[in-house]
1. Show me the helices (runs of 4 or more DSSP H) found entirely inside the stretch 2-51 where at least 1 residues are over 23 Å from N80 (Cα atoms) and β-branched (V, I, T).
2. Can you confirm whether V85 is touching a residue at least 12 places away in the same chain (Cβ under 8 Å), buried (at least 16 other Cβ atoms within 10 Å of the Cβ), of a type in the set (V, I, T) and in contact with a Ser or Thr (Cβ under 8 Å, 6 or more places away or on another chain)?
3. Name the residues in the stretch 71-114 that are under 12 Å from L55 (Cα atoms) and of a type in the set (S, T, Y), would you?
4. Under the condition of being crowded, with 19+ Cβ neighbours inside 10 Å and under 8 Å from the mean Cα position of the chain (by Cα), which residue from the stretch 58-71 is nearest to T97 (Cα to Cα)?
5. Would you point out the residue of the stretch 13-39, among those that are within 16 Å of the chain's Cα centre (by Cα) and surrounded by fewer than 14 Cβ atoms within 10 Å (Cβ to Cβ), that is nearest to K96 (Cα to Cα)?
6. Within the stretch 42-60, can you find the residues that are closer than 15 Å to L74 by Cβ and among the aromatic types (F, W, Y)?
7. Which residue is farthest from the chain's Cα centre (by Cα), if the candidates are limited to the stretch 40-57 and must be under 19 Å from T97 (Cα atoms) and charged (D, E, K, R)?
8. When you go through P18, P87 one by one, which is the residue that is in contact with a helix residue (DSSP H, G or I) (Cβ under 6 Å, 6 or more places away or on another chain), at pLDDT below 95 and within 24 Å of N114 (Cβ to Cβ)?
Amino acid sequence: MNIKLLREIFSRYVSLDPNDDFGIEKCWEEMTDILSEDILATFRFFESECTDEELYWLGSIFEDVAEKTQSQELIQVLRNRLAKVTPEIYRQQNFKTEHMQKWVDYTEYVRSVNMNIDYAECKIDE
């Protein structure tokens, strides 16, 4: 998995105007493709390289990655990764994006990421 490319697309994504539907969709597609191409590398990324901020923003494509890979293990990896974000280590001021610094407290963070994981789990055929 090309983490450098993923992070370049991610940076572009978080800097887009929220009304730029075309740009957002393009970034989602590119990030989904990267995270879907090698599921084991994706597991490693989420387990050890993904920042808390990346986890939050990538939540918007968890459904797409789950649908494309049909990986139940992905759901468990995401839940385990979210569990590492504890109130003791969560620091809003350490995030890079203004949105995260101003609006995403610990409770909102956990609620949002958990909801995205739940939606992703529904995309896996059993």
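The values are calculated or read from the model by the stated rules, or taken from the named source; none is laboratory data. These numbers were taken from a predicted model, which means no experiment stands behind them. No Cβ is skipped: glycine too gets one built from the backbone with ideal geometry, and neighbour counts run over all protein chains shown.
1. Qualifying helices (runs of 4 or more DSSP H): 3-15, 21-37.
2. Values: touching a residue at least 12 places away in the same chain (Cβ under 8 Å): yes; buried (at least 16 other Cβ atoms within 10 Å of the Cβ): yes; of a type in the set (V, I, T): yes; in contact with a Ser or Thr (Cβ under 8 Å, 6 or more places away or on another chain): no.
In short, no.
3. Y109, S112
4. Of everything passing the filter in the stretch 58-71, L58 is nearest to T97 (Cα to Cα).
5. Going through the qualifying residues, I end up with S15.
6. Once the filter is applied, which keeps residues that are closer than 15 Å to L74 by Cβ and among the aromatic types (F, W, Y), the stretch 42-60 yields F43, F45, F46.
7. Of all residues in the stretch 40-57, those under 19 Å from T97 (Cα atoms) come to 49-57.
Okay, now just the ones that are also charged (D, E, K, R), so 49, 52-54.
On the way: E49: 12, D52: 9, E53: 8, E54: 6 Å.
The selected residue is E49.
8. Details: P18 fails: in contact with a helix residue (DSSP H, G or I) (Cβ under 6 Å, 6 or more places away or on another chain).
P87 is the lone residue from the list that is in contact with a helix residue (DSSP H, G or I) (Cβ under 6 Å, 6 or more places away or on another chain), at pLDDT below 95 and within 24 Å of N114 (Cβ to Cβ).
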